[in-house]
Structures are given as C-alpha cells and as structure tokens.
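Report on one structure; see the data block that follows.
Just so it is clear, none of the values below were taken in a lab; they were calculated from the coordinates. Given the structure is predicted, the values throughout are model-derived calculations rather than measurements. Cβ atoms come from the backbone with ideal geometry, glycine included; neighbour counts cover every protein chain shown.
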Amino acid sequence: MSSAKKLSVVLPLHNEEDNLEELHSRLRAVLEDIGDPYEIIFVDDASTDGSFEVLRDINANNPFVRVLHFKKNCGESGALAAGFSAARGEVVVTMDADLQSEPKDIPRLLEKLKDYDVAWGRRTKRQDDTIRKMFSWCGNFARRLLIGDNAMDAGSPLRAMKRDVAKKIKLFKGLHRFYPTICRMEGFSVTEVNITHYPRIHGKSKYNIRNRLFGYIVDLLAVKWMHSRHIDYEIIEELDERTS
Ligand code: UDP
Ligand code: MG
C-alpha cells in the first residue's frame, strides 16, 4: 500500500499454543516489510492450554502486539467481534491463528482495498480433509442457491477490510461464515483474492460435522431471512425546513 494507513491484524484463537510464536514472527516480518504502522491483536477465546502464557511473552517483547483474554469461550465470531471493536487501524485484516494461512498474501489483499471495501481470501487449493472440504463445498453451494450470493469461500480465514466495515457489521455467533454476504447486504463492495492454504500441523480444528451441521443450517436460514427482510432505501431528494 502506498499511503501510510494504520493496519490492525485480528487473530481469534482457542488452544493454539504451538502455533503462536511462529505465526507472530512470520506475520511481523510481512508487516515490517509493508512498512505502514500496524498493531497485532490476538484474541484469546478462553484457551485452556498455554496459549495465554505464550501471548504474554510475545506482548512483553513486542510493543505492537495487543492481547485480549476472554473469561469464557465465545466462539470465533465472538473473538472477531472483540478484535474489530478494539481495532485502531484504518484497515483491518483477520487471520486464523493456526498457521494455515500465509501472511505473505496480505499485501495482495490490501492492494484490492484501493477499489473495494472488502478483499476476501479464496482457498483455491484447500489443505483440509475430504469430509471438511465436502462440508464446506455444500455449505457454500447452499448459501449461493438460497441467498443468491456469489462468494465461493465464505468461511475463508484471511480477509482485509476498511475500518468502517469492521466497525459497522454486527456479528452473531456463527455469522463469521456469512461475513461476505452480510457485507454486501450492508452495501459494501467485496472482491475475492486467491490465497495459499496449508495443512494444520499443530493443534486441532475446533469444528467437525457434529458441532457444525445443525448450527450452519440455522445460521443459513437466519441469514436468508435477514437478506429477504433487508431494508434498502434510496433517498432521491431531501427537503428540510430551510428548503421551503
Ligand atoms: N477459534 C476461536 N474460538 C473457538 C474456535 C476457534 O477463537 O471457539 C479460532 C481457532 O483457534 C482458529 C480459528 O478460530 O484460530 C479457526 O478455527 P479452526 O482452525 O479450528 O477452524 P478450521 O480452520 O478447521 O475451520
Ligand atoms: Mg484452521
């Protein structure tokens, strides 16, 4: 990015102790390279492993790192919402804390914010097991069919957005999987950028078909309802007391 806009990177995490140091050093290298002011906000969603102790050390040695520590587990959407609310940057990037995304993809997303409000990562070669990929494919397909939205990888972990988007959109549990749809509904422009995806090496995925399927269907219906009831007015002229 050419102009020096402050960048906030928000990372939701739950039990990612073995990923955090490497993630931080790889992310920091990319952000230093970009050269704009930045902050990294780790949101510890009530981890029960040593994640918070690792984050305490990272924070002690790095002035641009902030840590929010939840009392109880609120889920990924809750952690993102807290990070968005705390973010001080003009641009907000989100990434999972599991080393499955490539921080070097961030500059390409930022480049797109010259023309769009949101740049959404698309994992073209997703490195997850077949069941997970099939579930995600079906979810994306059902969403496109029911809502008419064209996002190909709505659950992607890597996204960049202008500050207004992060501050305006109200998140509910599970709705991070519908974020591009909701952004478009609110009138923001969204584009997709192909991103790298790595297999998970340390720690475990927090989702499986059992804890996701029912919730996903309910969320899909809720977003469909919101979409069909969305108020979309345009004021063509405004007359107030000084006009008459
Ligand atoms: N996460 C979180 N709270 C939760 C569940 C997950 O903050 O209750 C974080 C998790 O640590 C990771 C991101 O959300 O940084 C995505 O989770 P995960 O990698 O398990 O999801 P997957 O990539 O398998 O869909
Ligand atoms: Mg992951």
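Restricting to DSSP H runs of at least four residues, report the calculated mean residue ellipticity at 222 nm for the chain, -39500 (n - 2.57) per run over all residues, nearest 500 deg cm²/dmol. Write down the numbers at each step before the final one.
Numbers: 8 runs with 96 residues, N = 244.
So the calculated ellipticity at 222 nm is -12000 deg cm²/dmol.
Checking the table LYS104/LYS204; LYS5/LYS133; LYS170/LYS206; LYS104/LYS224; LYS72/LYS125; LYS72/LYS133 against a 31 Å threshold on Cα-Cα, which pairs fail?
Numbers: LYS104/LYS204 23 Å; LYS5/LYS133 36 Å; LYS170/LYS206 23 Å; LYS104/LYS224 34 Å; LYS72/LYS125 34 Å; LYS72/LYS133 29 Å.
Long pairs (Cα-Cα over 31 Å): LYS5/LYS133; LYS104/LYS224; LYS72/LYS125.
Given a 10 angstrom Cα cut-off, can you work out which residue in ALA86, ALA160, ALA29 is the most mobile in a GNM of the chain?
ALA29
Along region 99-106, what does the Karplus equation 6.51 cos²θ - 1.76 cosθ + 1.60 (θ = phi - 60°) give for ³J(HN,Hα), rounded to whole Hz, x for Gly and Pro?
My calculation for region 99-106 gives 6, 8, 10, 10, x, 5, 6, 4 Hz in order.
What is the extension gain from LYS206 to LYS104, computed as 0.36 nm multiplied by their sequence separation minus the C-alpha to C-alpha distance, in nm to one decimal? Before the final figure, lay out the partial values.
Numbers: separation 102, 0.36 × 102 = 36.72 nm, distance 2.47 nm.
The span from LYS206 to LYS104 would gain 34.3 nm if fully extended.
Around ILE40, which amide H atoms from residues at least 5 apart in sequence, or from another chain, sit under 5 Å from its own amide H, with H modelled in the peptide plane?
Those qualifying (amide H under 5 Å, at least 5 residues apart or on another chain) are VAL9, VAL65, ARG66.
Using a Gaussian network model on the chain with a 10 Å cutoff between Cα atoms, which of GLY155, GLY35, GLY89 fluctuates the most?
The residue that fluctuates most here is GLY35.
Restricting to the chain, what percent of DSSP beta bridges are antiparallel, rounded to 5? Can you show the working numbers first?
On the way: 8 of 30 bridges.
Close to 25 percent.
Going by amide H atoms built from the backbone, whose H comes under 5 Å of the H on SER156, apart from near neighbours?
The list, which skips near neighbours in sequence, is empty: none.
From Cα pairs below 8 angstrom and at least 6 apart in sequence, can you work out the relative contact order of the chain, rounded to a whole percent?
Worked out over the chain, it gives 23 percent.
Which value, to two decimals, describes the C-alpha radius of gyration of region 136-244 once divided by 2.2 N^0.38 Å?
Working: Rg = 17.6 Å, N = 109, 2.2 N^0.38 = 13.1 Å.
Here the answer is 1.35, to two decimals.
Determine the shape class of the chain: with a ≥ b ≥ c the square roots of the Cα gyration tensor eigenvalues, call it rounded for a/c under 1.5, and otherwise prolate if a/b is greater than b/c, oblate otherwise. Please list the in-between numbers first.
Working: a/c = 1.69, a/b = 1.23, b/c = 1.38.
Judged from the Cα gyration tensor, the chain comes out oblate (a/c at least 1.5, b/c at or above a/b).
Please compute the length gained on full extension between ASP232 and SER189, using 0.36 nm multiplied by the number of residues separating them and subtracting their Cα-Cα distance.
Numbers: separation 43, 0.36 × 43 = 15.48 nm, distance 1.51 nm.
Using 0.36 nm per residue and subtracting the Cα-Cα distance, I get 14.0 nm.
Give me the number: length gained by fully extending SER85 to THR130, i.e. 0.36 nm times residue separation minus the C-alpha to C-alpha distance, one decimal in nm.
Details: separation 45, 0.36 × 45 = 16.20 nm, distance 3.51 nm.
So the chain would gain 12.7 nm between SER85 and THR130.
What order do you get for 56-65, 232-241 when each peptide is scored by the mean count of other beta carbon atoms within 10 Å, highest first? Each step should come with its number before you reach the end.
Values: 56-65: 13.4, 232-241: 5.5.
Result, highest mean first: 56-65, 232-241.
Which one, MET226, MET95, MET152, has the greatest fluctuation when you compute a Gaussian network model over the chain with C-alpha springs under 10 angstrom?
Comparing MET226, MET95, MET152 in the GNM, the peak value goes to MET226.
Grab the beta carbon distance between THR48 and ALA222, set R0 = 41 Å, and tell me the FRET efficiency rounded to 0.05.
Working: r = 29 Å, r/R0 = 0.72.
It comes to 0.90.
For HIS227, HIS202, what's the fewest-to-most ordering of other Cβ within 10 Å of each Cβ? Please list the in-between numbers first.
Values: HIS227 17, HIS202 13.
So the ranking, lowest neighbour count to highest, is HIS202, HIS227.
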